[in-house]
Every structure is written in C-alpha cells, then in structure tokens.
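Taking it in order: structure first as structure tokens, then the write-up.
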Amino acid sequence: MVPRSVLEESESTDFQPIVARTRTIHAPMDPVAYDCVKLIFIRSGSAVLLSEFGEQPVSPGDVVLLEPNTLCGSEPEGFITVTTVYLDHDYLVDQVFWQNAALLNDRFEASELIESIYVEPAQILHVGEDRVGMLWPWLDELVELSLDGPEPERFYRLQALLFAVLDVLIPYVRTNPVRVSTSQRLHIRPTLPRSRQFAPLRPEAARVRELLRGDIRHPWALQDLAEQVHLSPKQLARVFVDAYGKTPNAYLTMLRVQAMAKLLRDATVSILEAGQAVGWASRSRASEAFRQCIGVSPQRFRARLREAA
C-alpha cells in the first residue's frame, strides 16, 4: 500500500497502488524511508541526494529509483522541482508475474525473481533531458488522475500511462544477470523490509516489528525477541526475513539511522550523543551504520547541513 504520509497529502486514505505528485523543494530534507517503490523525476533545479549510493548530484534528465524502505535525503542547490511516482510493491510484483507468466509458477516466484536480479535498492538513472522530457505529459496526467484518489473508471488510463513511462525507464535500470538468493542478498547489502505480502503475515513477525519500532534504543538481542514471541532465534530470523526482507537487527539499524539523521540537524548535539540517543554506545558503531544506510559519514552529513544553511 502507498504509505499513509503520501495519502495524507491528497487528504485521502483509500488504497492506491499508483500515486503521483509534483512539488518544488527549497529546504534540505532528512533521510526518510517509504514502504513503497519511488520513482523521482527531476524536472528543474538540482540537488545532492544521500542514500545507499552515497552522496550524488541529480539534475534534469535524471530519475531516482528507490525500493521500499530505502533511506534517502536531499540537499537542494537553491531549489529542485520533481515529480514523484509512488508504486505499491505488491502491485509491481503482479506486473512482473504476468510479464513472465510463461516462466513463473506463481507470484512468490515473481517476488523472488525481483529480489534476485534487482540488488541495488537505490539507483540514479541518467536517462537524459530529451528522453525524460518526452515523459512530462504522461507524468502530468498521472498526477492529475491520482490527486482525487482512485477512480475505477480511470484506473486503466492511469495504468496505461504508468506502463508507457516504465517502458522508457526499464532499459536504464541496473540488474544483476546472475540470480542471487535471499541469503546471498543479505550479505551483499542490507535487504528491504516489506510490510505487505501475498501470504498472511505471521503475527510473530508483526509483533517483533512493533517491539523494534516502539523502543529503538533498547539493545535488542535476537534471543530476547525470540522469547517474546515464543520462537527459536533461528525460526524468528527466518520468519522476519520472509515478512520484511531483512533480519530484525538490520531493520533496527535502519530505524536508528533515520532517527539519528534528524538529531544531527541540531548543531549542539554531537555525533556521539546522537548515536547514544538512538541506542549505540560508541561513535564508531553509529558512524559505520550511518554510512551503510545513508552513503556518507555523519560528519559529512552534518557538513552538508552547514553548506546548505
């Protein structure tokens, strides 16, 4: 489901698999993660983005692809105008399944295919101004159609516009030609938590997610979490990865980094203090986790804040 914060912008709480919005941003934005796929089309202006790809500039002609729950912040260089398309993850899995229906047995295999070949959660696609410029009429109509919430009689037009846009973008998306298993993916880079699946969500996984989000400072150990839901640590790890795409510890790291980035905007809070406030005892551990999720060190992140002020 497209995240509630996106829906609130349009004063609607209805389920929408496709939402598009255009906005101009003047102020820096803290790293934030959404529970859907995001496509960010740069229309005018420029900015420096901070995500798992590091510290990268974007300008007209670029498109940013973010998978679910991938942290990304921005530092506009004056201003930047973007059109963002929010896509429900399960809706996209459906499209991949039907695209490869002759090869896949079910939607679970489609989901596994996506995870095995799309191993970069954050990408900048250098499509080019001319080619992206061709997309503006379609994107503007996507925005118009999704502003007032889902209209069944217009859904196929909305979907047709999306497919036309994706047809242009897909050749630019980097994929891994070698199938990667879930366990291999966990070692390549942090995997992506998923809040919706085709199978019923195990209550144990949902409960552990509540515990982690409820107290990110607590030194959660897998054994402690497993005891809370009456599973063995090995069972819990498997159940949680199946539900959210990463281990409980990796999920907690993402939550802590997101909170730490907000604290670093206060110049009176040191990096050590910010790290300790979200649950890390040492500055080195906090810095390592921050760099892993945001792509830059806390020192560099704070320096960019001063440059943008």
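Here are some notes:
- Members of segment 294-307 found to be within 13 Å of LEU264 (Cβ to Cβ) and assigned to a helix (DSSP H, G or I), listed by number: ILE294, PRO298, GLN299, ARG300, PHE301, ARG302, ALA303, ARG304, LEU305, ARG306
- For VAL173: the one exception among (1) modelled with pLDDT of 65 or more; (2) in contact with a Ser or Thr (Cβ under 6 Å, 6 or more places away or on another chain): (2)
For (1) out of contact with any His (no Cβ under 8 Å at 6 or more places or on another chain); (2) over 21 Å from VAL93 (Cβ atoms); (3) crowded, with 17+ Cβ neighbours inside 10 Å, each residue gets a yes or a no:
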{"site": "ARG23", "(1), (2), (3)": "yes, yes, no"}
{"site": "CYS36", "(1), (2), (3)": "no, no, yes"}
{"site": "PHE41", "(1), (2), (3)": "yes, yes, yes"}
{"site": "ALA47", "(1), (2), (3)": "yes, yes, yes"}
{"site": "GLU52", "(1), (2), (3)": "yes, yes, yes"}
{"site": "PRO57", "(1), (2), (3)": "yes, yes, no"}
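- Any chance VAL48 is modelled with pLDDT under 95, assigned to a strand (DSSP E or B), more than 14 Å from VAL173 (Cβ to Cβ) and touching a strand residue (DSSP E or B) at 6+ places or on another chain (Cβ under 6 Å): yes
- Selection within segment 115-137 - part of a helix (DSSP H, G or I) and either among the small types (Gly, Ala, Ser) or crowded, with 18+ Cβ neighbours inside 10 Å (or both): GLU115, SER116, VAL132, GLY133
- Selection from segment 190-214 of residues that are open to solvent by 60 Å² or more (accessible area, probe 1.4 Å) and either modelled with pLDDT of 95 or more or of a type in the set (S, T, N, Q) (or both): GLN197
- Residues located in segment 228-249, provided they are without any contact (Cβ under 8 Å) to a residue 60 or more places away in the chain and at positive phi: HIS230
- Flag for ILE170 being surrounded by 14 or more Cβ atoms within 10 Å (Cβ to Cβ) and out of contact with any strand residue (DSSP E or B) (no Cβ under 9 Å at 6 or more places or on another chain): no
- Against the test of being modelled with pLDDT of 90 or more, open to solvent by less than 70 Å² (accessible area, probe 1.4 Å) and under 20 Å from VAL37 (Cα atoms), the options LEU255, LEU263 yield a single qualifying residue, LEU255.
The values are calculated or read from the model by the stated rules, or taken from the named source; none is laboratory data. Fair warning: this is a prediction, and the values are worked out from it, not measured in the lab. Note that each Cβ is placed from the backbone with ideal geometry, even for glycine, and that neighbours are counted across all protein chains shown. Keep in mind that these areas ignore ligands, DNA and RNA; they rest on the heavy atoms of the full protein, side chains included. Shrake-Rupley method; radii C 1.70, N 1.55, O 1.52, S 1.80 Å.
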